[in-house]
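The values are calculated or read from the model by the stated rules, or taken from the named source; none is laboratory data. Since the structure is predicted, the reported quantities are computational estimates derived from the model, not experimental observations. Positions of Cβ are generated from backbone atoms using ideal geometry, with glycine treated the same way; all protein chains shown enter the neighbour counts.
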Amino acid sequence: MAMAMAMKLAAQRGLLSSSSTRMFSSLPFNLPASETTRKTEPPSTNLFVSGLSKRTTSEGLREAFEKFGEVVHARVVTDRDNGYSKGFGFVRYGTIEDAKNGMEGMDGKFLDGWVIFAEYARERTQPAPPQFSGSPPSPRY
């Protein structure tokens, strides 16, 4: 019953062709923000790289980014317990110019079969101290 109502509503809105038996939207999905609307961090020598394959190693990350300048340090962040990649890492260049070239050269490119994204890394912020509501929580028995 609900499926029939959904099909009727979709047909009224022009989302289905008259011969269609499946529900597909003709509306475009939400595209990622464009380069002009993406919030960018101030230039730095440290790049944040996301979208990494689970097979990408720190050495592989270094080799991919060395084409654009002197890489001081490259690290794929891994899980403490199992050692697998978390899918992101950091690349530190010797100069801001090299970092800019590396970011522009590798952003949106393939590495180990995955599209990766490179951007300037944000500076670390200190976490706020824990806030207590007055009395400690009572033990549960």
Test Leu52 against the stated conditions and say whether it is outside any strand (DSSP E or B), modelled with pLDDT of 95 or more, surrounded by 13 or more Cβ atoms within 10 Å (Cβ to Cβ) and not small (Gly, Ala, Ser).
yes
From Ala74, Ala121, which residue is under 10 Å from Thr45 (Cα atoms), surrounded by 15 or more Cβ atoms within 10 Å (Cβ to Cβ) and touching a Phe, Trp or Tyr at 6+ places or on another chain (Cβ under 7 Å)?
Ala121
Just one of the numbered conditions (1) surrounded by fewer than 17 Cβ atoms within 10 Å (Cβ to Cβ); (2) more than 17 Å from Glu41 (Cα to Cα); (3) at pLDDT 95 or above; (4) not β-branched (Val, Ile, Thr) is not true of Tyr84; which one?
(3)
